[in-house]
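This report concerns only the one structure given below.
Every read-out reported here was derived from the displayed coordinates using simple, explicitly stated rules and does not represent laboratory data. All of these numbers come straight from a predicted model, not from anything done at the bench. Cβ atoms come from the backbone with ideal geometry, glycine included; neighbour counts cover every protein chain shown.
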Amino acid sequence: MSKNMKRKRNRRRKKYPILEIGIFLVLVLLIVILFLTQQINKEKEEALAASETQTEENTEEEKEPEKVDLSGLYSTSAILIDMDTGEVLTQRNPGQIIYPASLTKMMTVMVALENISDTSASATLSEDIFPPLYEEGASMAGFEPGETATYQDLLYGAILPSGGECCVALAQNIAGSEAAFVEKMNEKAAALGLKHTHFTNTTGLQDINHYSSVEDMALILQEALKNQTFREIFTTKTYSVAPTNLHTQGFTFHNSMFETMEKAGIQDSYIQGGKTGFTSDAGLCLASLGEVNGKSYVLVTAHADGSHDTDPYHIMDAVSVYGQLAELTQPDTITSEDETESEE
């Protein structure tokens, strides 16, 4: 063999170890890269999992709290408002047109209070007040034609026993006629920005052009309760009229809501005051002031089936709502979401 061939073979032998070492190093590098890649992916997966867990925890924390459920009410319309904030907590058909029946008398008394300078002053109930009210079967407080009473007596008589004669007497003595006084009521409704309300009388007797909504009635009650005299009247259970020219011994009014509760055996410590309403077209209605866990609420419900001869479904609805509210405000967890936004 020639010397040149031997040299070539020796050179090849020298190259192979270098190539093998290079391949080995490349494999080691690939293994290291693969390992590091796996570690990085693992850390990413762990970080993602931790992030998803945190997101789920945050979502749980941010979930809206439970609210009062109005789906089981007898009333077709209802609204619950936080008196401290004015926030609507829950509602059902709030703008649906209703006949307000005797809930009207809340506006009558509020407007009367704004136009009476001295509630101890006397007013006379004219004879022409009574025949139309008797004919319609209106609720009466017990005054007689020609009787003289104080404005205070008439104000309490309008709310507690829902006396129609008291409302018309207030209107006549303040504005000269019921029609003129009703104009003041509609002016007040406009000033309050009520969207679904128009009055044609002071008593709430059925009239197709006399209508409102629970939303508007709640706004009326909120505004009226700012007047301390109204609040006192609204939350009073009984009131005694001093002797008059036709009631020499005087007589006593009873709040129709509390009286109905007593007769039905309903006890509820949350309801502080209320005004009931009923006509065959309006159904059973109730506007109430409640106090639950130290906070005040306004609740208005309307158009529950029933009558004076059935169970007081409007009051039963109020008991249900305030009872739920008591459970949910430990601490306060009420939300302002609407249950239903159907309006007519």
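Using Cα centres only, tell me the gap between the stretch 137-151 and the stretch 258-277 in whole Å.
24 Å
Determine, for the stretch 75-328, the count of lysine pairs separated by eight or more sequence positions (or lying on different chains) whose alpha-carbon distance falls under 23 Å.
21
Run through the stretch 165-263 and list the trypsin sites (Lys or Arg not before Pro) located in a DSSP loop whose Cβ has at most 10 other Cβ atoms within 10 Å.
Those satisfying the criteria are Lys226.
Starting from 0.36 nm per residue, how many nanometres of slack lie between Ser126 and Asp311 once their C-alpha separation is accounted for?
Residue separation times 0.36 nm, minus the Cα-Cα distance, leaves 63.0 nm.
Can you compute 3J(HN,Hα) from phi for each residue in the stretch 170-183, using the Karplus curve 6.51 cos²θ - 1.76 cosθ + 1.60 with θ = phi - 60°, rounded to whole Hz and x for Gly and Pro?
4, 4, 5, 6, 8, 10, x, 7, 5, 4, 5, 5, 4, 4
Taking loop as defined by DSSP and a crowding limit of 16 other beta carbons within 10 Å, which chymotrypsin sites (Phe, Trp or Tyr not before Pro) in the stretch 160-248 fit?
On the way: sites: Phe181, Phe199, Tyr211, Phe230, Phe234, Tyr239; in loops: Phe199.
Listed in order of number, the matching sites amount to none.
In nm, what is the difference between 0.36 nm times the number of residues separating Ile31 and Asn115 and their Cα-Cα distance?
Here the segment from Ile31 to Asn115 would lengthen by 20.9 nm.
Ranked from highest to lowest mean number of other Cβ atoms within 10 Å per residue, what is the order of the peptides 168-177, 248-257, 270-279, 100-109?
The packing order, highest mean first, is 100-109, 270-279, 168-177, 248-257.
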